[in-house]
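FYI, it's all coordinate maths here, none of it is from the lab. These numbers were taken from a predicted model, which means no experiment stands behind them.
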């Protein structure tokens, strides 16, 4: 069986929410840096060709923002992602590193090239010729986009590993079914973020009158034009998603559908304003409006990342690793040996628990639930199961993948399941000092029957429909 790493406890904030907060900020900043490199190349070319008299001033001012935001905040949040990920889902990170370590190493080299070329431009731009400055900016832009190219392949593999599941080929895993639509979509998002951030920067540049700022805004807004094809890329991405993942996004999960609508709505608002106001009518945009559009873009990014992460449920790597770090092939074994059979980590504050059964339930919660849930708080099990009686809770957890198809199957014994039920019930009863143990052989036998009926495979709509057809007796044919 795979190694066990306990999930860090963040109290009422579920670990996944902590990870999402760091990741969304980093993705937003990283994509801004990628688009910023492309925008700087374009503006440097305008300066060299004399098509905009203020382009050179813009390049100097904008690059300082890129350095401060990307090289400082981007680097800090990048480290923050790894730091939080190894506390929440080290098995997922381990799988990504194990299968793509050479690609991670290659990405790191391009990241170093991005940093070196960026700092060289920042330090020596006043001494460089126009051609040398453009060369450094092109190197920076290419290096940052290649980093996006590589990371996109690894992240999209988590949702659509494709033929990699059979061949375990690096190429099959990297160039997976969702690689290209995701790459094109992220590239356009990068251009959009860079352009909107440029509108904010232009408004705070000193020494430029409104006409000069309008000319610069009209130029940088040209990078918003590719947003026209974003709906097509979105449909392409949905088309290559697995059917069950697509069902979560399109209504199977209200939360995912809500965040998808937020992302779509924000993107449409930005795109409509950009196309009709900035590109076609060549309007001036003040700092407040530009900041509002950039904030909408952050909301769209957050919604999109939530959907991308949530669509993988119940997996963190599809068909390879469940979101609770249990492998699909381990479920049957853990139902015989117990999910705690290879968990040697002690329970924190164990002395405050009333009996061994509740302590076992706390460890089962940590092993199978804590990465996505809290006991009481955000996505808390006490609140989620508050309307269930004990038997309904036992049944729903035993058939968890059918109760909620985006949940992994329960991977433990009947005794462990009963311990989890008692732990949740005790937690919802204000954690009294004394709690009766539940060891009824009849209850355990019923739980075992339900577990066997659920099977070890993940639940999905197609599987459930097939089961319903098998359970319904055929009607006699009338003579």
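A few notes on this one:
- Angle of helix 287-310 to the longest C-alpha principal axis of the chain, folded into 0 to 90 degrees and rounded to 10: 30°.
- Remark on segment 219-365: ratio of C-alpha radius of gyration to 2.2 N^0.38 Å is 1.58.
- Three-way shape label, segment 138-225, alpha-carbon gyration tensor, a/c 1.5: prolate
- The mean of 1/r over all distinct Cα pairs in segment 91-153, once inverted, gives the Kirkwood hydrodynamic radius of 12.8 Å.
- Annotation: extensible slack from residue 378 through residue 319 equals 18.5 nm (criterion: 0.36 nm per residue apart, minus Cα-Cα distance).
- In percent, rounded to a whole number, the relative contact order of the chain is 17, using alpha-carbon pairs under 8 Å and six or more apart.
- Tilt relative to the chain, helix 15-49 - C-alpha long axis, 0 to 90 degrees, to 10: 20 degrees
- Over segment 1-125 - Rg/Rh using Cα atoms and the Kirkwood inverse-distance radius: 1.11
- Here is how the number arises for the chain: DSSP H runs of 4 or more residues each give -39500 (n - 2.57), the sum is divided by the residue count, and the result at 222 nm is -21000 deg cm²/dmol.
- Shape category assigned to segment 384-457 from the gyration tensor of Cα positions, a/c cut at 1.5: oblate
- Degrees, to the nearest 10: 210-220 long Cα axis against longest axis of the chain: 50 degrees
- Relative contact order for segment 1-137, counting Cα pairs under 8 Å that sit 6 or more residues apart, in percent: 33 percent
- Cα gyration tensor, segment 335-470 - rounded (a/c under 1.5), prolate or oblate: prolate
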